[in-house]
Amino acid sequence: MKAKRYLKSLVAFIVTVMMLVAVSCKDDDKTQFTTISLDENVISLTLGTTQTLTATIDPPASTSDIVWTSSNPEVATVIDGKVTAVGEGKTTINAKIGNSTAFCDVIVAKGFVAVEGVTLNKPTLSLPIGGVEKLIASIIPADATNQRVTWSSSDEEIATVDENGTVTAFVPGEATIIVTTLDGGKTAECIVTVEAVPVESVTLNKTTLDLFVEDEDKLTAVVSPANATNKAVTWSSSNESIATVDEDGTVIGIAVGEAIITVTTEDGNKTATCTVTVKSQPVSLIIVKVNANVKNSELSNGDTHFKGTIGSGGIAFHGKAPEGVVIPATAAVLKFEYKLSADQILKEWARVYMYHREVPTAWGITEDYSVINDIAMPATEEWKTFEFDFTPVIDKLTDKSYNHDPSFFEGDMFQFRFNSWDNKDRVWEIKNIRLEERE
């Protein structure tokens, strides 16, 4: 009986041990053979984007047992496999179940940042004509991917703008400068006002002008400042019977006298004046006789040009006005062009005088000669101008005056004479002898 009970106890013990071993082996198999894997080993994200990783468990098990972590949560976070990019850089996403872990590397880049708006450094701008200034555009946000913009003007006749935002003003008025972003077509505007530059003053190139009757000269007006918007001017004469002026500033002498030419700016009515003195036309004299020790003379009656060699002694050029021309009573300046082979000093008996058959009372003439004394005429191979301001003297001719036949002298006569006592022969050339009014 004891043996039988012992055998039953042994059998029961063996069965219990075997059951315990079987259970233990089952648990060990579960821990040792469960694996996890992810559908991606490496992913790239841009800021703000997400991606969900899918885990595979073998043998199959609930995904709720998976523990998800990020090695750098400042770059990317993970919740139940959903990865969110929060900062530029790299991180590793870990998925663990039991003793098994799967990994996925995540790279987060900045990516495309859309333009939200654009502003200009100036909403309004005032420029003078010809003024230049650069506008500066700022993109919002500052790190937007596409920073390119285009520029345009609502009126390019008033102001233009180049691809860099540089505005150039042309004429008075108002134009709107517009900047537009290529990304999104966002715009900003600057209203540009081009201001007129006012005239401050006007000047003339001459403040006095001497003209002969029927002669002309042009006055030039200079408006200041140089960049004044409206430089238009008008011209006027205080006495158009004396001198006229046209729209270009050309003055014409009409009659003997004085007139004031005025230029006036349209902008501001600024003025400048020029006093114009109109004189009678010079009377060009015809050389009718030369009294002198003349050698090799070239002169014919009615000539205005003399050339010859004059020896020691006096010389006198007798002239008269052309037919029909009256020498004016105010004629008191002798001029002519000359060439001379040796220096000449006009002195002692050198003189200028006029004489008529009848003495015009209007001349107010004395009987004295106008004596030329100690005037140097240097030798010259080029034409030079001789000028002498004299007092007109009238000598009423008689049959015996100067041993000339009065019938030879018709109308107004003129004599220019001087003496040379140094026994030198000089080659003289004289032309264009004329009488002018005193200035």
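The values are calculated or read from the model by the stated rules, or taken from the named source; none is laboratory data. Values in this document were obtained by computation on a predicted structure and should not be read as measured data. Reconstructed Cβ throughout: ideal geometry from the backbone, glycine too, with neighbour counts over all protein chains shown. Just the protein is used for accessible areas: all its heavy atoms, side chains included, with ligands, DNA and RNA removed. Shrake-Rupley method; radii C 1.70, N 1.55, O 1.52, S 1.80 Å.
Values as computed for the structure displayed
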quantity: Flag if THR187 is over 30 Å from THR234 (Cβ atoms) and open to solvent by 50 Å² or more (accessible area, probe 1.4 Å); calculated: yes
quantity: Filter result for ILE177 (surrounded by 14 or more Cβ atoms within 10 Å (Cβ to Cβ), in contact (Cβ under 8 Å) with a residue 40 or more places away in the chain and under 25 Å from VAL113 (Cα atoms)); calculated: no
quantity: Residues being over 30 Å from LYS186 (Cβ atoms), open to solvent by 50 Å² or more (accessible area, probe 1.4 Å) and either in contact with a strand residue (DSSP E or B) (Cβ under 7 Å, 6 or more places away or on another chain) or part of a strand (DSSP E or B) (or both) - total across the stretch 62-100; calculated: 12
quantity: Filter result for ASP343 (modelled with pLDDT of 70 or more, at negative phi and surrounded by 14 or more Cβ atoms within 10 Å (Cβ to Cβ)); calculated: no
quantity: In the stretch 252-294, the residues that are assigned to a loop (DSSP other than H, G, I, E, B) and modelled with pLDDT of 85 or more; calculated: ILE254, ALA255, VAL256, GLU266, ASP267, GLY268, ASN269, LYS270
quantity: Residue count, the stretch 38-49 (criterion: part of a strand (DSSP E or B) and under 19 Å from PHE103 (Cβ atoms)); calculated: 5
quantity: Leading residue by the ranking (most open to solvent (accessible area, probe 1.4 Å)) among those in the stretch 204-225 that are touching a residue at least 40 places away in the same chain (Cβ under 8 Å) and either touching a helix residue (DSSP H, G or I) at 6+ places or on another chain (Cβ under 6 Å) or not in a strand (DSSP E or B) (or both); calculated: GLU214
quantity: Which numbered condition GLU258 misses (of (1) under 25 Å from the mean Cα position of the chain (by Cα); (2) open to solvent by 60 Å² or more (accessible area, probe 1.4 Å)); calculated: (1)
quantity: In the stretch 295-336, the residues that are modelled with pLDDT of 75 or more, more than 28 Å from SER280 (Cβ to Cβ) and either of a type in the set (Val, Ile, Thr) or loosely packed, with under 14 Cβ neighbours inside 10 Å (or both); calculated: THR309, ILE310
quantity: Residues (in a loop (DSSP other than H, G, I, E, B), open to solvent by 40 Å² or more (accessible area, probe 1.4 Å) and under 20 Å from ALA228 (Cα atoms)) located in the stretch 130-144; calculated: GLY130
quantity: Pairs where the first residue, in the stretch 69-80, is free of Cβ contacts under 8 Å to residues at least 24 places away in the same chain and the second is among the hydroxyl-bearing types (Ser, Thr, Tyr), C-beta under 7 Å, 6+ apart; calculated: SER71/THR91; SER71/THR92; ASN72/THR91; THR77/SER70; THR77/THR84
quantity: Scan of the stretch 226-251 for residues that are open to solvent by less than 40 Å² (accessible area, probe 1.4 Å), in a loop (DSSP other than H, G, I, E, B) and within 15 Å of THR264 (Cα to Cα), ordered by number; calculated: ALA228, ALA232, GLY249
quantity: The stretch 145-174, subset assigned to a loop (DSSP other than H, G, I, E, B) and of a type in the set (Asp, Glu), residue surrounded by the most Cβ atoms within 10 Å (Cβ to Cβ); calculated: ASP155
